[in-house]
Amino acid sequence: MLVVLLSSCADLKEETQYNGALSGGEFEISSLLRNKWRLEAYETGPVSKSVLIEFRPQKNLQGNYILSGISAVNFFEAGFHVGKENALQIAQLSVTEIAGMKAEMEFEEEYFRRLSEIKAYFFRNSRLVLTDLKGHEMIFRPEK
């Protein structure tokens, strides 16, 4: 039920053109938007918990495009903006408050900290790589 509430807060106006707020090259933008992405690894190695994200072409009430997903325990939603040279800004991260096992909750805390610090994206070997200013990476594979 909480997921429905989060989704209902979004302005679901479909964007038909991505030049402007969504710059960064049409191919890369369409690749970002057309897939759901499953977290595969950090720069330190593979992750054992399940995370699925989706970059959506709808805007939220703050005027940002919508990033949504499910992590090891909780659902989440945020706004995102793509800028020049593959800049990626994530804002207004909101998370449900479902309790889980200690290991899953610790993983989620690290995941959300990393997600909130993302500054850029690029593609490598058909993978989406989100990176922060320190070079930390979150590597996602397309969901089938």
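The values are calculated or read from the model by the stated rules, or taken from the named source; none is laboratory data. The structure presented is a predicted model; accordingly, all values stated were derived computationally and were not measured. Please note: Cβ atoms are built from the backbone with ideal geometry, for glycine as well, and neighbour counts cover all protein chains shown.
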Exercise for the section: Go through the residues of region 40-62 one by one and say whether even a single one is touching a Lys or Arg at 6+ places or on another chain (Cβ under 9 Å) and exposed (fewer than 14 other Cβ atoms within 10 Å of the Cβ). Expected result: yes
Problem - Every pair of residues 6+ apart whose Cβ atoms lie under 8 Å, when the first sits in region 109-136 and is closer than 16 Å to residue 34 by Cα and surrounded by 11 or more Cβ atoms within 10 Å (Cβ to Cβ) while the second is polar (S, T, N, Q) and at pLDDT 95 or above - result: 121/131; 122/131
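Looking at the structure I just gave you, is residue 143 surrounded by fewer than 12 Cβ atoms within 10 Å (Cβ to Cβ) and within 17 Å of residue 37 (Cβ to Cβ)?
Values: surrounded by fewer than 12 Cβ atoms within 10 Å (Cβ to Cβ): yes; within 17 Å of residue 37 (Cβ to Cβ): yes.
For residue 143, the condition - surrounded by fewer than 12 Cβ atoms within 10 Å (Cβ to Cβ) and within 17 Å of residue 37 (Cβ to Cβ) - is met.
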Problem - Scope region 90-144; condition touching a Gly at 6+ places or on another chain (Cβ under 9 Å) and of a type in the set (S, T, N, Q); matching residues - result: 92
Completion exercise
Every listed condition ((1) in contact (Cβ under 8 Å) with a residue 60 or more places away in the chain; (2) among the charged types (D, E, K, R); (3) part of a strand (DSSP E or B)) holds for residue 54 save (1)
Problem - Inter-residue pairs, beta-carbon under 6 Å, first surrounded by 14 or more Cβ atoms within 10 Å (Cβ to Cβ) and in region 70-98, second in a strand (DSSP E or B) and aromatic (Phe, Trp, Tyr), 6+ apart - result: 80/65; 86/121; 86/122; 88/121; 90/80; 95/76; 96/75
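Per-residue answers, yes or no, for (1) assigned to a loop (DSSP other than H, G, I, E, B); (2) more than 12 Å from the chain's Cα centre (by Cα):
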site: 80; (1), (2): no, no
site: 91; (1), (2): no, no
site: 106; (1), (2): no, yes
site: 114; (1), (2): no, no
site: 122; (1), (2): no, yes
site: 129; (1), (2): no, no
site: 133; (1), (2): yes, yes
